[in-house]
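**Student:** Pasting a structure here, questions to come.
Every read-out reported here was derived from the displayed coordinates using simple, explicitly stated rules and does not represent laboratory data. What you see is a predicted model, and the numbers here were worked out from it, not measured in a lab. We place every Cβ from the backbone using ideal geometry, glycine too, and count neighbours over all the protein chains shown.
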Amino acid sequence: MGFITDLLNFFKDEEPHKEVDDVRKTNLSYNGKLVSMLESDHKKLFELYGELIELYKQDDSFQSVHRKLIDFKMALEIHLMVEDTQLYGYLEQRYSDNKMVLEFIKDVQNEMSLIAEAAILFVRKYTNVRMYRENKDNFLKDLENIGKILTTRIDMEESRLYTLYQA
C-alpha cells in the first residue's frame, strides 16, 4: 500500500497499529522543535477550518467543499501521526516510572482516538456526494461541532500535554 492510502486508512482499522508502535519505539529521542511544529500544525488546522467555513458560505457546491475537506483531513491525519510517532513514544519512555503521568498520557491518547474518529466520520459524510447533498443544510452546524471539539482538545494539548515534553 502507498503512503497516501496508508494515511487514508490509518483510522479505519480496529486493530492496534503495529507499524506505529514500531516507529514509536524507534523515535524516543527528544526533538527540541517538535512542540513548535505541533503548535504550527494546530494553527494550520484552524486556518483550514476557517477556510472551510468561508468557502461554504461563498460556494457551497460539493466540488469546492470536497477539496477543502480532503485538505483538512490530510492535515489532521498527518498531525496525528506525528504525535503518535514522535510525542507519545517519547512521553511514555520519559515517564515510564510515573504511573499517574502515564495514565494521563494514555487517557489523552484514547480521547484523541475518539476525536479523530468523529472528525473522520464528519469528513466521510461530507465527501460523499449523495450524503453531502442530503445533509448540506447541517454542514455548518456539524463543522462547528468539530471545531469546538478540536479547540478544546488543542487548548488541553498546548497547556498540559506539551508541557510534559522535556529533554
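**Student:** Among Leu69, Leu52, Leu38, which is touching a residue at least 24 places away in the same chain (Cβ under 8 Å), under 19 Å from Met112 (Cα atoms) and not charged (D, E, K, R)? Write out each step before concluding.
**Tutor:** Values: Leu69 fails: under 19 Å from Met112 (Cα atoms); Leu52 fails: under 19 Å from Met112 (Cα atoms).
Step by step, each of Leu69, Leu52, Leu38 is checked, and only Leu38 is touching a residue at least 24 places away in the same chain (Cβ under 8 Å), under 19 Å from Met112 (Cα atoms) and not charged (D, E, K, R).
**Student:** Also, I was wondering about something else. Could you list, in sequence order, the residues of segment 153-167 that are closer than 29 Å to Tyr56 by Cα and surrounded by fewer than 12 Cβ atoms within 10 Å (Cβ to Cβ)?
**Tutor:** Asp155
**Student:** Test Ile146 against the stated conditions and say whether it is surrounded by 17 or more Cβ atoms within 10 Å (Cβ to Cβ), touching a residue at least 12 places away in the same chain (Cβ under 8 Å) and within 15 Å of His66 (Cα to Cα). Spell out how you get there, then give the answer.
**Tutor:** Numbers: surrounded by 17 or more Cβ atoms within 10 Å (Cβ to Cβ): yes; touching a residue at least 12 places away in the same chain (Cβ under 8 Å): yes; within 15 Å of His66 (Cα to Cα): no.
Taking the combined requirement at face value, the residue does not satisfy it.
**Student:** What are the residue pairs meeting all of these: first residue in segment 107-128, first residue within 25 Å of His66 (Cβ to Cβ), second residue among the charged types (D, E, K, R) and loosely packed, with under 13 Cβ neighbours inside 10 Å, Cβ atoms under 6 Å, and 6 or more apart or on different chains?
**Tutor:** Hits for this filter: zero, empty list.
**Student:** Is it the case, given these coordinates, that Met100 is of a type in the set (A, V, I, L, M), loosely packed, with under 13 Cβ neighbours inside 10 Å and either in contact (Cβ under 8 Å) with a residue 40 or more places away in the chain or part of a helix (DSSP H, G or I) (or both)?
**Tutor:** On the way: of a type in the set (A, V, I, L, M): yes; loosely packed, with under 13 Cβ neighbours inside 10 Å: yes; either in contact (Cβ under 8 Å) with a residue 40 or more places away in the chain or part of a helix (DSSP H, G or I) (or both): yes.
Yes; evaluated as a whole, the condition is true for this residue.
Matching residues to (1) buried (at least 16 other Cβ atoms within 10 Å of the Cβ); (2) farther than 30 Å from Leu34 by Cα; (3) aromatic (Phe, Trp, Tyr):
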site: Glu51; (1), (2), (3): no, no, no
site: Leu55; (1), (2), (3): yes, yes, no
site: Arg67; (1), (2), (3): no, no, no
site: Glu77; (1), (2), (3): yes, no, no
site: Gln86; (1), (2), (3): yes, no, no
site: Glu111; (1), (2), (3): no, no, no
site: Ile120; (1), (2), (3): yes, no, no
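**Student:** Does Leu45 fit the bill of being in contact with a Phe, Trp or Tyr (Cβ under 8 Å, 6 or more places away or on another chain) and either in contact (Cβ under 8 Å) with a residue 40 or more places away in the chain or not in a helix (DSSP H, G or I) (or both)?
**Tutor:** The answer is yes for Leu45.
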